[in-house]
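Here is the structure we will look at, set down as structure tokens.
The values are calculated or read from the model by the stated rules, or taken from the named source; none is laboratory data. The structure presented is a predicted model; accordingly, all values stated were derived computationally and were not measured. In this analysis, Cβ positions are derived from the backbone assuming ideal geometry, glycine residues included, and neighbour counts consider all displayed protein chains. Side chains included, ligands, DNA and RNA excluded: accessible areas come from the protein's heavy atoms. Shrake-Rupley method; radii C 1.70, N 1.55, O 1.52, S 1.80 Å.
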Amino acid sequence: MTRSPEPSRKRQRVNRRQQQLAEPSTSTMMTRSRSRSTAQPEVKLPPPNFTEAISTVHEPNSDADETESHADGIVLTCAMLGELESEQEVMAKLGEAFSEPCTLARSFPQADALRAVDCPVDAADVRAAYSLIFERMSSEVHDELQRLTVDAINTMNSEPCDEHDIQMNAVLILLLNPRIAEYVGEDGTAAFPELCTVIINQPLSQRTALMEYFTHSDAKPSANNVPVYAAVVGPRPIAEEQLLSSDSERESFERYVRIFQAYVTQEMTKAAQRPSRSTSTSSEPVTQKIGLHLLGGCSLLTVAQCLGLINCYNNTHKVVSYTVFYNDAVNEHIDIKEDVPRFRVPDGVSFCSYPFLLSPTTKSEIIRIESVIMMRTELQDSFFRAMFSGVTCPYLVLEVRRDSLVRDTLYQLDLKFNQDLRKQLKVRFVGEEGVDEGGVQKEFFQLIVRDVFSPKYGIFRANENSHFYWFRPLLQAHKDTLEEIRLTGQLIGLAVYNAVILDIHLPPAMYKKLLDVPVTREDLREVDPELHHGLMQLLTLSTSELEFLERTFEVEYEDTGELRTHELIPDGAQTLLTVDNRELFIDKYVDFVFNASCERQFAEFKSGFDRICGSSYVRHMRAQELELLVCGCSDLDFSALERSTIYDGGYSKSTTVIQHFWRVVGEFTDDLKRKLLFFATSSDRVPIGGLSKLHFVIAKNGGDSDRLPTSHTCFNVLLLPEYSTLEKLRERLLTAIHNSEGFGMI
């Protein structure tokens, strides 16, 4: 007995949809907000120039127009949609194209053979088709497209395309729909997170292919991609980020990243809006802080995971700057106090699990909250321990002499347990009356850092060109030297833990190594530009020129006044530099500078830093962000400080002496501005986010007098008498800031 062949599932769906279109009364549009009617609305015919209108949207390739139908479906193009005579035919063609992922994947083919190698989908043709539908067709077509899109996504999640390698074409086509973030299914499920689930469930090879489509679908073919350096958020000291893509590739990739970012922004903004609880009649919504756990259905979690995959690809291929992944809505509305504890709980749902979304300012706040929680815990534990084992100090107290900072600090820190280092720091200078509420410790860090980086200790040396400090090569480091290096690491960790910004000049390579990120040749360019240039010149020399150099695989360096040599490879003294091995020579030289020459020194430095910050959120930062956290921002934007300053004691921004103050400060050099910051706050560094983030207060300190301005550095308060003239204010202020070291009781 012979059994008749049954139609395929795809053909069954196509036939079923054609029957639905043939029976208008059974139309099933799927927009939740639209009221349903038993009467079928009149189908609007396209305008007489409907076919010609497509030319104003997109000029299709002639090769694409002549593409023949696939054996089991159609190959949809924008031109094909434009040639149809009615919207019924448009919906029928869309229904057939969207019936199977494989059929959709073959639609909108790239006719340019050269570009098709990088991306087989003609993204411009896809956009033109969507533009045609949304700008020139009725809501019935829009609703049908929504229903078909949701069905296609559901199909890809339940019945993946048999030809698995082309399913990413269909995903790309769906992502290009400008309304994809608005689509929901009949059960209320958002379509975009479901599409993200499709991407997440793909094997690595297919996800990589999709990322390559993101890079090339809108990019112009380029014969050579010259690496460029993208300026990241914030001015120096952050290092520029090397990118390995062309301008058009960056624009293309960023366009797709924005699709995902737009959905995250949309959901965060909606969740943050709530009706006002005030009794006023104002109906304006107010914003509230949001934790990821409060966003129901985990839809945002899925999108964040998908963005994480894209970010991971970008970390490897360096297509766009990592700052593209920062999301302003998340950083504005995140409930950090709620998210941080959840992040520390196993399987906790928190935005902290997606650090690529968070700006350096948000990350610094996360670290501050972490520190406050740990300080409070240690404070409570101290009280409990006091009940059973005697009185213990609830703070980490350092009593130091100004003329013996390093020795006193090293001795006292060596006596502390790890749990003591997690307490709030209090510093007291011997012989001074100042009480540390934040200001004393800021000056302590500035002074001790200045000491440990000075030439008298011989730990670091500054490069004459870059002015960055790096370890001195030491063949046999003395025990005392290693202890001082470990102390330096601890000091930087303590500064981060206690939210103190330091005036140090370490290269990006140091922060990379602290975060276990491999260093590269480009890091040498930051530390020693002259050496980097010389090594790169080796790549341009000919065989005869290299032979003339007679260079071997050795490097010379100075160790405690003696000239020493180090073999870069075994038997390096007998290995001549040639064209064939010069790449190896450069890599080994870079490794010597960053690793071999300072292995013991860096190990001690890192152990000191990790003793304080080894388990903190610092591990989730980038090297550039950690540099900002340690050193702050270098932008002395005093106009931003003026806008954010708070006035107290009867002063306001319109008070004459205040206007005189900002006029005088506006004439200061950068050096004087830093001295003013140091006088008022005990630190001349700018916090992450700029001077607008500094809680700066100017308070009235009596009427006109000859008294100098003073300050409460613990609270960033400048006490300013109401001087009668601008000249007197200038003279008194300059005298004060030039004599600003030391603390007393006011």
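Some notes on this structure:
- For the peptides 414-425, 139-150, the ranking by mean Cβ contacts within 10 Å, running from highest to lowest, is 139-150, 414-425.
- Computing FRET efficiency as 1/(1 + (r/R0)^6) for M536 and D706, where r is the C-beta to C-beta distance and R0 is 60 Å, gives about 0.50.
- Within region 637-742, percent of DSSP bridges classed antiparallel, to nearest 5: 30
- Above-threshold pairs, the threshold being 27 Å between Cα atoms, out of K423/K700; K337/K423; K426/K513: K423/K700; K426/K513
- Stokes-Einstein diffusion for region 428-562 at 37 °C, viscosity 0.692 mPa s, with a Kirkwood radius from C-alpha pairs, works out to 183 µm²/s.
- Net length available on complete extension from D591 to K220 is 129.8 nm, with 0.36 nm assigned per residue and the Cα-Cα distance removed.
- Ignoring lysines fewer than eight residues from K220 along the same chain, the ones with Cα atoms less than 26 angstrom from its Cα are K318.
- Total charge dipole magnitude, region 604-734, about the Cα centre, Cβ charges on Lys, Arg, Asp, Glu only, Debye to nearest 20: 240
- Residues whose amide H comes within less than 5 Å of that of T552, counting only those at least five positions distant or on another chain, are L577 (H built at 1.01 Å from N in the peptide plane).
- In region 397-470, the portion of solvent-accessible area held by carbon and sulfur atoms comes to 46 percent [1.4 Å probe, whole percent, DNA, RNA and ligands not counted].
- Annotation: amide H of L425 within the under-5 Å range of L396, sequence separation 5 or more or interchain, hydrogens built in the peptide plane.
- Here the peptides 569-580, 702-713 are ranked by packing, the mean other Cβ count within 10 Å, and the order with the highest first is 702-713, 569-580.
- Dipole moment magnitude, nearest 20 debye, region 589-681 about Cα centre, only Lys, Arg, Asp, Glu C-beta charged: 240
- Qualifying lysines (Cα of each under 19 Å from Cα of K673; at least 8 residues distant if same chain): K442, K693, K728
- When peptides 315-321, 113-119 are sorted by average Cβ neighbour count within 10 Å, with the highest value leading, the order is 315-321, 113-119.
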